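These notes concern the structure reproduced below.
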Amino acid sequence: MADIAPVLKAVVPAAGLGTRFLPATKATPKEMLPIVDKPAIQYVVEEAVDAGLSDVLMITGRSKRSIEDHFDRAYELEEALRAKGDDGRLDAVRESSDLAIMHYVRQGEPRGLGHAVHCARQHVGREPFAVLLGDDMIDARDKLLQRMIEVRDQYGGSVVALMEVEPDQVSAYGCAAIEATDEEDVVRISDLVEKPAAEEAPSNWIIIGRYVCDPAVFDVLEKTPPGRGGEIQLTDALRTLADTPAGQGGGVFGVKFRGRRYDTGNKLEYLRTVVQFAAERPDLAPEFIPWLRDFVRRQDGADGAGDA
């Protein structure tokens, strides 16, 4: 196998319209919705940086300017906090602007994840790169992206993150046909299907929002026609690469992930994420957890009274 270039850049697609969270997302990007007191998108960038990827390209769209502002300096706010001697909040405000080298490009129109990734071509060039979806969070204690980069370094090609779900959930995701390797958590992917019906799914292993892509994906995306939903699907391009020789950037592998994932792309999962994060915060948990227990008890009591 030829020398495999290191993964140094991260691409974060964040151009979606956020229609599931309207009217909140009419003027506020869904990626900026807070998980307690930090926007979801910051957790995603922190994950990339923690994996050694400090060069981050954000794919944005219209009405997403607040994302850029969040990762920029806020001099007036910083001066106000400094004048008050509020060092704790000053450090918190500066943290996001010091995280990474941030770049931005706009996706002119919403044509799917594959099109959004293709918008990164000029910035990425002929280097491998990671893709982290802006509304998909992986717990910082679970080093999924690092593991995916290790697999790319070992096998080449592209790597996707996989999670096992119940059969009735596969229709909401891209789904993989998998073949075992010598490593328990690594599989070779022979086929990918975008949002299949449960009876047509090749397995119960779905693709979640983490990818490590060979730069060959750009040539494939350029020729990939719109697929499901009339959009250009990254899954379709990876399916092509699964059948492409390794010498041409082909081969797709999967890392089976059994850790903690938070999907902030829908209301219920978003609320669950906020509660979980608050319950693990040492500054909030001592008061929040007893309140939550009491609230649930009162709700149970109200339900019981209604039944009676």
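The values are calculated or read from the model by the stated rules, or taken from the named source; none is laboratory data. What you are looking at is a predicted structure, and each value in this text was computed from that prediction instead of being measured. Ideal geometry is used to build each Cβ from the backbone, glycine not excepted, and the neighbour counts take in all protein chains shown. Just so you know, the surface numbers come from the protein's heavy atoms only, side chains and all, with ligands and any DNA or RNA stripped out. Shrake-Rupley method; radii C 1.70, N 1.55, O 1.52, S 1.80 Å.
Some points to look at:
- For the chain, the carbon plus sulfur part of the accessible surface works out to 50%, probe radius 1.4 Å.
- Residues whose amide H lies under 5 Å from that of V11, counting only those 5 or more places away or on a different chain, are L57, A130, V131, L132; hydrogens are built 1.01 Å from N in the peptide plane.
- Share, in percent, of DSSP beta bridges within the range 158-268 that are antiparallel, nearest 5: 75
- Entry note, the chain: relative contact order of 20 percent, from Cα contacts under 8 Å with a spacing of 6+ residues.
- Sum of -39500 (n - 2.57) over DSSP H runs of 4+, divided by residues of the chain (222 nm, nearest 500): -11000 deg cm²/dmol
- Karplus (6.51, -1.76, 1.60) ³J(HN,Hα), θ = phi - 60°, over the range 134-140, in Hz, Gly and Pro reported as x: x, 10, 10, 10, 10, 4, 4
- Between the labelled values (i) 50; (ii) 62; (iii) 42, the entry that holds percent of Cα pairs over 26 Å apart as derived from this structure is (i).
- DSSP bridge pairs, the chain: antiparallel proportion in percent, nearest 5: 55
- Calculated FRET value between T28 and D263, using beta carbons and R₀ = 22 Å, to 0.05: 0.70
- Accessible surface calculations at 1.4 Å, restricted to protein heavy atoms, place the chain at 51 Å² per residue.
- The loop-placed trypsin sites (Lys or Arg not before Pro) in the range 138-228, going by DSSP, that have at most 15 neighbouring Cβ atoms within 10 Å of their Cβ come out as R141.
- Loop trypsin sites (Lys or Arg not before Pro), the range 236-297, which have at most 13 other Cβ atoms in a 10 Å radius of their Cβ (DSSP): R258, R260
- Share of alpha-carbon pairs per 10 Å distance bin for the range 118-158, given as whole %: 23, 45, 31, 1
- Between the amide H of L192 and those of A177, distances stay under 5 Å, these residues lying 5 or more places away or on another chain, with hydrogens modeled in the peptide plane.
- The residues neighbouring L133, those whose beta-carbon lies less than 14 Å from its own, together hold a net charge of -3 under the Lys/Arg +1, Asp/Glu -1 convention.
- For E109, the shell of other residues with beta-carbons less than 11 Å away shows a net charge of +2, using +1 for Lys and Arg and -1 for Asp and Glu.
- Within the range 1-68, the trypsin sites (Lys or Arg not before Pro) that combine a DSSP coil assignment with at most 14 other C-beta atoms in a 10 angstrom radius are R62.
- Kyte-Doolittle mean at least 0.0 and Cα axial length at least 15 Å: DSSP H helices in the chain: 40-50, 267-279
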